[in-house]
Every structure is written in C-alpha cells, then in structure tokens.
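Novice: Structure below; questions to follow.
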Amino acid sequence: MKIRAIITGATGMVGEGVLLECLQNPTVERVLVLTRKPTGRTHAKMTELLVPDLANLSAVETQLTGYNACFFCAGISSVGVSKEEYERITHDLTLAVGETLARLNPDLTFIYVSGAGTDGSEKSGQHWARVKGRTENELLALPFGAAYMFRPGFMKATAGQRNILKWYPAIAWLYPVARRLAPAFVSTMQEVSRAMINAADFGYSKPVLEVRDIVALAHSKAAPK
C-alpha cells in the first residue's frame, strides 16, 4: 500500500523528523503538511497547507480527502502554560482534527504522538499525563480505520533537522549511553518515523506503543501476502 499522509507539527522537532522520513521513504507517495507557518521545505511529494487554526478546518475540508494516514505530531509542553491552555491545545485541538479526518477519510490510520509517561487510566497526579491519556482514549474511540498512540521517550534527532529543542544540543551526547543503559526509554527520531509509516502500512498488535514497541515496529517488515 502506498501511503498518502497528512502531517501536523512539521515545524516542531518530532513532526519535522517524521516529515523528513516520509519524503525519502518510498512507501509514502504523497504528504500534506497542515501547518500554521511555512516549513521552509519543498519536495515533489509535499504539499503545504497553511491553516491559522487547526481546531477549525471547515474552510479546507475539500483539500483533506483522499488520504489514508495522519501523523499527528503537533503539541506543546505543559511547562509555562495554564492548565486550560494546555488542555485546549493538547486535547481539544487534537480531537477537532481527529473528528474531521475520521468523517472525511473513514479508512484512515490516525497516529498520535503523546509521550512516555502518558496515563491511559486518567488518574495520574500529573495534569499533563491525564490530559494526554484522555486524548488517547477519545481518539481510539473515533471511527478510524485504525488508530495508534505513540509514547516515545528521549529521541536522537535525524540528520538535517532544523527544528530541534533549544536544550537538545546540550544533551545529545547522552544518546549512546542512554540507549545502552535505558533502552526502554530511548530511540532515534528515524525509528519513531519509520514505526509510524509501518503502522499505517501494515499495523501493529496493540493500539498503544511504548518505546520498545516503537523500536520493534520500526524494524519490522510486512508479512508476505
């Protein structure tokens, strides 16, 4: 199956890494980037659609049909924002996009990047973990063809990335040590990206993927037909 993917968050670290992998991966034939600001990238596979507010896609719905995957990488840190603002962006905006795409493309595979520590029981003492858990649960209840919740931990950036977190260069040197000592919490951005493509291509055995699942899926191949 050739993947026609919608990507959000492509001006952030995870979304940019996923975009780079999609552009060079032969399984992906077309990419639509939903973004509030230009990515500064061009590619024959790629179309960029500027949308001021992802929570309101009514004006561009006709441009969102014909896709079979969404790699939802948009999001913010809970640090420095109010609980209300965090919920609006993390939960409300994500569900608005999910509901729209489920209606327009009922066979679509929706992949949401939440993060390690997300609490699917929604009982955590940490607000962000509860909000992301609720977001995961409500996405899984939508009528997609399939949905997968990705919970990556520390990720090694892909070569050529421009949008890395400010503090990332200071800790990048820790990657090989962390990979050896704490493999359950560490992966490369390329592994996360390839796992997302593989999930859209041939699926996975469970809907919520922790780091070990992500790495395993990144290195899996589709079963012979």
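The values are calculated or read from the model by the stated rules, or taken from the named source; none is laboratory data. All figures in this text were calculated on a predicted structure; none of them were measured in a lab. Note that each Cβ is placed from the backbone with ideal geometry, even for glycine, and that neighbours are counted across all protein chains shown. Note: accessible area is taken over every heavy atom of the protein model, side chains too, but ligands, DNA and RNA are not part of it. Shrake-Rupley method; radii C 1.70, N 1.55, O 1.52, S 1.80 Å.
Novice: Taking square-rooted eigenvalues a ≥ b ≥ c of the alpha carbon gyration tensor, is segment 30-71 rounded, prolate or oblate, where a/c under 1.5 means rounded and, failing that, a/b exceeding b/c means prolate? Mind showing how you got there, number by number?
Specialist: Values: a/c = 2.05, a/b = 1.16, b/c = 1.76.
Oblate shape, in that a/c is at least 1.5 and b/c is the bigger or equal ratio.
Novice: With contacts defined as alpha carbon pairs under 8 Å and 6 or more residues apart, what's the relative contact order of the chain in percent?
Specialist: Values: 409 pairs, mean separation 45.6, N = 225.
After rounding, I find 20 percent.
Novice: Let me check something: with ligands and nucleic acids excluded, how do His127, His219, His43 order by accessible area (1.4 Å probe), largest to smallest?
Specialist: Highest to lowest solvent-accessible surface, that is His219, His43, His127.
Novice: How long are the three semi-axes of the equivalent ellipsoid for segment 115-225, computed from the Cα gyration tensor as the root of 5 times each eigenvalue, in whole Å, largest first? Numbers along the way, then the final one.
Specialist: Values: eigenvalues 114, 85, 32 Å².
With the √(5λ) rule applied to segment 115-225, the semi-axes are 24, 21, 13 Å.
Novice: Of all the Cα-Cα pairs you can form in the chain, what percent are over 29 Å apart?
Specialist: Result: 20 percent of Cα pairs exceed 29 Å.
Novice: What are the lysines whose alpha-carbon lies under 28 Å from the alpha-carbon of Lys45, with same-chain residues fewer than 8 places away excluded?
Specialist: Answer for Lys45, where 28 Å is the Cα cut-off: Lys2, Lys37, Lys156, Lys221, Lys225, listed by chain and number.
Novice: Where in segment 95-177 are there trypsin sites (Lys or Arg not before Pro) that are in a DSSP coil and have at most 14 other Cβ atoms within 10 angstrom of their Cβ? If you can, show how the numbers build up before the last one.
Specialist: Numbers: sites: Arg103, Lys123, Arg130, Lys132, Arg134, Lys156, Arg162, Lys166; in loops: Lys123, Arg162, Lys166.
Answer in residue order: Lys123, Arg162, Lys166.
Novice: To continue, here is another question. How about segment 129-167: which chymotrypsin sites (Phe, Trp or Tyr not before Pro) there are in a DSSP loop, with at most 15 other Cβ atoms within 10 Å of their Cβ?
Specialist: Passing both the DSSP loop test and the Cβ count: Trp167.
Novice: A follow-up question, please. Tell me the GluC sites (Glu not before Pro) within segment 134-195 that lie in a loop according to DSSP and have at most 11 other beta-carbon atoms within 10 Å. Don't skip to the answer; put the middle values down first.
Specialist: Details: sites: Glu136, Glu138, Glu191; in loops: none.
Counting only loop positions with at most 11 other Cβ atoms within 10 Å, none of the GluC sites (Glu not before Pro) in segment 134-195 qualifies.
Novice: Per residue and in Å³, how big is the convex hull formed by the alpha-carbon atoms of segment 106-167?
Specialist: Details: hull volume 6.9 nm³, N = 62.
Taking only Cα atoms, segment 106-167 has a hull volume of 112 Å³ per residue.
Novice: Going by a ≥ b ≥ c, the root eigenvalues of the Cα gyration tensor, does segment 1-96 fall in the rounded group (a/c under 1.5), the prolate group (a/b larger than b/c) or the oblate group?
Specialist: On the way: a/c = 2.05, a/b = 1.58, b/c = 1.30.
Prolate, because a/c is 1.5 or more and a/b exceeds b/c.
Novice: Okay, moving on. Work out the length of the dipole vector of the chain about its Cα centre, built from +1 on the beta-carbon of each Lys and Arg and -1 on the beta-carbon of each Asp and Glu, and round it to the nearest 20 debye.
Specialist: I would put it at about 680 debye.
Novice: Tell me, what does the Kirkwood hydrodynamic radius of segment 169-225 come to in angstroms if you use every pair of distinct C-alpha atoms?
Specialist: Details: mean 1/r = 0.0817 Å⁻¹.
Taking the inverse mean of 1/r over all distinct Cα pairs, segment 169-225 comes out at 12.2 Å.
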